[in-house]
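The values are calculated or read from the model by the stated rules, or taken from the named source; none is laboratory data. Remember, predicted model here, so these are calculated numbers, not experimental data. Neighbour counts are summed over all protein chains in view; Cβ atoms, including those assigned to glycine, are modelled from backbone coordinates with ideal geometry. All accessible areas refer to the heavy atoms of the entire protein, side chains included, with ligands and DNA or RNA removed. Shrake-Rupley method; radii C 1.70, N 1.55, O 1.52, S 1.80 Å.
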Amino acid sequence: MEEIEYMRLAIQLAKQGCGWVNPNPMVGAVIVKDGEMIGQGYHKKYGELHAERNALANCQTPPTGAILYVTLEPCCHHGRTPPCTEAIIESGISRVVIGSHDPNPLVDGKGIAILRSHGIEVTENVAKDECDKINESFFHYIQDRTPYVVMKYAMTMDGKIATRTGESQWITGEKARRRVHEDRHRYSAIMVGVGTVLADDPMLTCRLENSRNPLRIICDTGLRTPLQARTVSTTDTASTLIATAITDTNRHQPYLDAGCEIMVLPQKDNHIDLNCLMQRLGEKQIDSLLLEGGGTLNWSSLQSGIVNKVQAYVAPKLFGGSGKTPVAGLGVDHPEGAFLLSKPIITQVGKDILLESEVIWCLQES
């Protein structure tokens, strides 16, 4: 096998930690000696051993003189686990091949420098783009300390997210809906506006086997969420946080009694301040968020500058008429004022198409 193939194997290992390691990165490692793979491992769960230590623990023969392929620069600081650089040095590994640099200020090149100072050869940036891709949420969070926000919606080919009567189930097929549940497992939280709760009474849980439920966040400026709503009555299944501008603790109490968390935030443009919400969520170690709101919340989120990626599922259907659109609000005045997106990645998901683009904020602000 060539180096890039070993790294791609490490990437596949890393992906097995998806949804379980947040807010840590997904990391995989493979150890090769004399052309044979002798150990492999990945970061399985937040707070547990990192990929490098798991790979070393799984070695079938002593790793002295071996090559370690790892998707992310090894850590060099004490956190919930000891530094991986120490384990690598003690193991006798002679060379380390790295995919991504770790932008964490506690690492950020220091891990590589420590390895080299102990005579270990380090090769950098092997399959870098592929390694970077699996940790886009982590890279954003560790540098900005706010969640990586993915705005997701499903629409018809004429741009409708509901019929003129407000019905939306189901626009897309089963394969697309399954992929959405995979993302609910991947990201730490899911957020909707109170309008979605009132209209659809969604559960907002992940309904896949061996998965975790995201934190459910409801943006509810005036605290109108019904106590009988499923997001309120099922806090034994998944946690619910209600973000509101209401300061009256008497109004809070029924929700607290139901097991919800209340987060009081200032208002901006007659709605809760979404930038403030992102800061507060970052403090709670919420590294990523799937935005599944309606057109009003989507518009407010874009205006606030909190959206990092847009996922648009497009179904081969036409609703016509006055059905709702995915981004409502006031809208821009002129085409040059549009929110700009990167060239989309296009994926066929069953009979539907998924378009994924990053929001280009640097050009938007210039």
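Averaging sequence separations of C-alpha pairs under 8 Å and six or more residues apart, then dividing by the length of region 1-150, give the relative contact order as a whole percent.
Relative contact order of region 1-150: 20 percent.
Below 8 Å between Cα atoms, with a sequence gap of 6+, how large is the relative contact order for the chain in percent?
Relative contact order comes out at 15 percent.
Any idea what angle helix 174-186 forms with the longest principal axis of the chain, computed on alpha-carbon atoms, 0 to 90 degrees, nearest 10?
That helix lies at roughly 60 degrees to the long axis.
Taking only protein heavy atoms into account and a 1.4 Å probe, give the accessible area per residue of region 284-366 in Å².
Accessible surface, normalised per residue, equals 52 Å².
May I ask you to derive the FRET efficiency for Asp129 and Thr61 from their Cβ-Cβ distance with R0 = 30 Å, giving the value to the nearest 0.05?
Between Asp129 and Thr61 the formula returns 0.40.
Under 30 Å Cα to Cα from Lys284, which lysines show up? Leave out anything in the same chain fewer than 8 places away.
Cα-Cα hits under 30 Å: Lys15, Lys44, Lys45, Lys110, Lys128, Lys133, Lys152, Lys268, Lys309.
Run through region 113-183 and list the chymotrypsin sites (Phe, Trp or Tyr not before Pro) located in a DSSP loop whose Cβ has at most 13 other Cβ atoms within 10 Å.
Trp170
Pop a pseudo-label 7 angstrom from the Cα along the beta-carbon direction at both Asp257 and Gln169 and give the gap in nm to one decimal.
2.9
Could you tell me the calculated FRET efficiency between Asp144 and Asp34, based on Cβ-Cβ distance and R0 = 35 angstrom, to the nearest 0.05?
0.20
Which percent of the accessible heavy-atom area of region 171-315 goes to carbon and sulfur, probe 1.4 angstrom?
Taking all protein chains in place, region 171-315 shows 42 percent carbon and sulfur surface.
Can you give the angle from 0 to 90° between the axis of helix 274-283 and the longest principal axis of the chain, with both taken from C-alpha atoms, to the nearest 10?
40
Quick check: the angle from helix 295-304's long axis to the longest principal axis of the chain, C-alpha only, nearest 10 degrees?
60
In nm, to one decimal, how far is the Ser94 label point from the Val332 one, both placed 7 Å along Cα→Cβ?
5.7
Suppose the chain between Met1 and Glu209 were pulled fully straight at 0.36 nm per residue; how much longer would it get relative to their current alpha carbon spacing?
Length gained, Met1 through Glu209: 71.5 nm.
First measure r as the distance between the Cβ atoms of Ala199 and Ser233, then evaluate 1/(1 + (r/R0)^6) with R0 = 22 Å and state the FRET efficiency to the nearest 0.05.
The value I calculate is 0.80.
Probe of 1.4 angstrom, ligands and nucleic acids ignored: what's the accessible area per residue over region 18-106, in square angstrom?
39
Take every DSSP beta bridge whose two residues both sit in the chain, then give the antiparallel share in percent to the nearest 5.
Expressed as a percentage, antiparallel bridges in the chain total about 40.
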